Amino acid sequence: MPQVAPFYSLRGISKAFPGVKALDKVQLDLYPGEVMALIGENGAGKSTLVKTMTGIYQPDSGELCLQGQTVSLATPDAARSLGITAIHQETVLFDELSVTENIFTGHYLTHGPFKTLDWKEMRRQAMQILSDIEAPIDPDMLLRHLSIGQRHMVAIARALSFDAKVVILDEPTAALSIHETQELYKIVNKLKASGCAIMFISHKFDEVFAIADRYTVFRDGCFVGQGKIDQIDEAQLVTMMVGRTVDQVYPKQKLPLGDVILKAQNFSHPTEFNDINFELRSGEILGFYGLVGAGRTELMQAIYGVSENINGTLELQGQPLSIRSPADAIKAGIVYVPEERQSQGVVLDLPIYQNIGLPQLNQINKNGLLNQRSEYALADTYARRLLVKAPDWHEHVGNLSGGNQQKVVIAKWLATKPKVIILDEPTKGIDISSKAAVHSFMSELVEQGLAVIMISSELPEVMGMSDRIIVMSEGLQVAQWHRADFNAEKIVSAASGGLNEKTIH
Amino acid sequence: MKKLFTSREALLCLLILAMLLSVGSVAKDFLSLSNLLSAYNDTSILIILALGQMLVIITRCIDLSVAANLALTGMVVAMLNSSYPDFPVPLLMLFGMLLGLTMGMINGLLVWKLEIPAIVVTLGTMSIYRGIIFLLSEGAWVNVHEMSEAFMHIPRSLHLGVALLSWLSIMVVGIFYYFCRYSRSGREIYAAGNSPTAAFYTGIDVGRSQFIAFSISGLLAGLCGYLWVSRYAVAYVDVAAGFELQVISACVIGGISIMGGRGTVTGCVLGAVFIGVINNSLPVIGVSPFWQMAISGAVIVLAVIASSKAEKKSGRIILKSAAIVPSR
């Protein structure tokens, strides 16, 4: 059989950031008219690779070949002029600009000698593309008025507005409902038929097998293997991906549940979530599962006092609770470990011990003077308990690995002796050993009678650690299961809007 | 079609009208055509500078050096005019604009290439430009009798009953409307300020956009240097001292977000006109200049409170019921 030449190839690409080798001599081939699935765990280097392929990062070594020619992509513009386009994981769009503008920013259509922007034509083409992908979005709308799924469709429309030969989709379905995902498959198949080389990044194996022709596996920034998708099965892929067979053991213990600690009733926000009701018992781990942008983080931030305009009631141990700011929440014994660790969780420029002491400077400095010794002693207790790896607690948090930063955040909140701890994607982007440490620590916490709420988008983690799972979809609480009834398929379907649509129609 | 007025701009319009009418009810001549035209003429320089400043603020920067730039170009053109009275004034204006452009480009380059925060750069160049005026003039004034007749007359010359100074500001408004809506550089300035990361991902050089904004702001300051000196018939070191604050105030009142990325030409012009109306109407009804400052200050604070309230209230749009789906 004659071998088709790859359209876009990467050879021996390496990329290092201070302290981390993100990519180590990786290779990859994209073929015209085929979908290549790039598979790897969080932190395997997928997003770095996408940025290298689209001119956002420059590789430290190695080469990029387009149709056999070595190319260098100095800027994102250079990549685009060669027909390489990407839909990035974090959709990078402009809130204050209209849909049409978001689609055409950077490659405006012009007419006349003064290169006057041709809004009429851009608007017409925007409407055309949006109707092609069956996204009923008004092209004149400002982006900030759109929902997350709609924004994603705009990002896709943007990628399609180029005359693209290489299309990279970085987790495009993470925020899409079942219906929207089906639409996306149709688009991908259209692009395939027109001869585009497509790279598809996804965590979901059913998607990979549904849509890909080939696969490439990365692990910890290294190339592991590649091949045709019909010559491999899921178990083999998983083994390649994690480097071991996966009966990942979650340190889950069967504990008797205590009294209700936290109770939310009719908890609502005008645009983010509506009518949320749940009870949380001591000794319980309550998992919140859903698509990216389902409103889970927003709900937790509301409980923590970050948001305004909240309706409904919260009760803590039977007492009605009024939380208007994070300070109120901490005082009541509710703490929140945010998903955005570096911007919301820690102060990177402060040493470990000052980060841990930060929420309770009042207790540490009783006579109004900073008592560094007791601050350090407090930090010492908790940093040791969490096995933070650092030469000493004077080390700046910015110099720690992601996993150890996360341990510092958790240590900080534990030191306040909370009753309820909310963990938002606690293991996102941290290495496997730190993950295991966080999991076993969660078990330890509930053993001591704390109640834990965990938001996670990783199904095995949610199913492995939770006593109960609440599924959210588009801001609504759509399903709830106890541990005995966990069923991966049902949970995923509920999160993707499956239940939602059935009950509505 | 895009709405001509956002609700904030409509509100500003109503406020301006209310002020005009209430002052007009006390002082009869206030609403006469000639007085309104002269009030607009008085505000023209502020409008021109505010538009330049608007672009800079949209890119998340600030230009504190506009007034110093204006004063320096004003001094240079005044000195040239007094030494070479026969040199054609239109060329002198062009020269002033080039000089202003150069100073704006210096600001822009420092922000772009050395990545120094704009507030630091322009705080520095503000003092430098003022210092240069002193070095050039040695503290001396250029007075009206040293200026040529053409130099004094041109901005005052009437065309269709309206002074050239006013026409210039109207032209600048027109060019800005086109630039902000129909030029690539103009749209890129909005994108760069709204989300620098997204702009970078889409291939826009954010620093270059900032450079362009500073250059335009400098060019307009240079133009205003001549206009100011001619209008007030004097040039000295402290010309327009502190005027940059009025310019920034006009932008803030006009709804230009100090966080960047948001603001319209219409809003900016209304903001400048608002300040112009305060400056022109309060003396008419006998309010002291100190109260004028306090009143425009209070308006700025209220404007900022109004816009920050509006921003805080909205959350992300997740619920289906909260998303707007167009009917087709």
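Read-outs throughout are calculated quantities, based only on the coordinates presented, and are distinct from any laboratory measurement. As the structure is a prediction and not an experimental result, all values here were calculated from the model. Using ideal geometry, Cβ is built from the backbone for each residue, glycine included, and neighbour counts are taken over all protein chains shown.
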What net charge is computed for the residues neighbouring A:Gly258, neighbours being all others with C-beta under 13 Å from the C-beta of A:Gly258, Lys and Arg scored +1, Asp and Glu -1? -3
Counting helices only, and only those DSSP H runs with n ≥ 4, report the 222 nm mean residue ellipticity of chain B as the sum of -39,500 (n - 2.57) divided by its residues, in deg cm²/dmol to the nearest 500. -23500 deg cm²/dmol
Give me the net charge of B:Gly52's neighbourhood, meaning all other residues with Cβ under 12 Å from the Cβ of B:Gly52; Lys, Arg count +1, Asp, Glu -1. -2
What is the angle, in °, between the Cα long axis of helix A:432-447 and the longest principal axis of the Cα atoms in chain A? Nearest 10 is fine, range 0 to 90. 30 degrees
Give the residue list of chymotrypsin sites (Phe, Trp or Tyr not before Pro) in the stretch B:107-193 that are DSSP loop and have at most 14 other beta-carbon atoms within 10 angstrom. B:Trp141
With charges only on Cβ, +1 for K and R and -1 for D and E, what is the dipole size of the stretch A:8-242 about its Cα centre, in debye, rounded to 20? 500 debye
Order the peptides A:191-200, B:16-25, A:351-360 from the highest to the lowest mean number of other Cβ atoms within 10 Å of their residues. A:351-360, A:191-200, B:16-25
May I ask you to sort B:Cys13, B:Cys61, B:Cys224 by Cβ crowding, counting other Cβ atoms within 10 Å and putting the fewest first? B:Cys13, B:Cys61, B:Cys224
If each residue's Cβ is checked for other Cβ atoms within 10 Å, how do A:Asp220, B:Asp63, A:Asp230 rank with the fewest at the top? A:Asp230, A:Asp220, B:Asp63
Taking the alpha-carbon centroid of each part, what is the distance from the stretch A:218-296 to the stretch B:185-262 in angstrom? 49 Å
Over 10 Å intervals from 0, what percent of Cα-Cα pairs in the protein assembly as shown sits in each interval? 2, 11, 18, 21, 19, 14, 9, 4, 1, 0
Around A:Asp77, with a cut-off of 13 angstrom between Cβ atoms, what is the net charge of the other residues, counting Lys and Arg +1 and Asp and Glu -1? +1
In what order do B:Ile295, B:Ile305, B:Ile132 fall by count of nearby beta-carbon atoms within 10 Å, going from fewest to most? B:Ile305, B:Ile295, B:Ile132
Across peptide A:95-106, how many C-beta atoms of other chains are within 10 Å of each residue C-beta, on average? 5
What percent does the relative contact order of the stretch B:53-138 come to when contacts are Cα pairs within less than 8 Å and at least six residues apart? 47 percent
Would you mind calculating the relative contact order of chain A from Cα pairs under 8 angstrom and at least 6 residues apart, reporting the percent as a whole number? 15 percent
Put one equal scatterer on each alpha carbon of the stretch A:8-242, apply the Debye formula with no solvent term, and list log10 I(q)/I(0) at q = 0.08, 0.11, 0.17 1/Å to two decimals. -0.30, -0.57, -1.29
Diffusion coefficient, µm² s⁻¹, Stokes-Einstein with Kirkwood Rh over alpha-carbon pairs of the stretch B:7-306 at 10 °C and 1.306 mPa s: 81 µm²/s
Given the -39500 (n - 2.57) contribution per DSSP H run of 4+ residues, what per-residue ellipticity at 222 nm results for chain A, rounded to the nearest 500 deg cm²/dmol? -9500 deg cm²/dmol
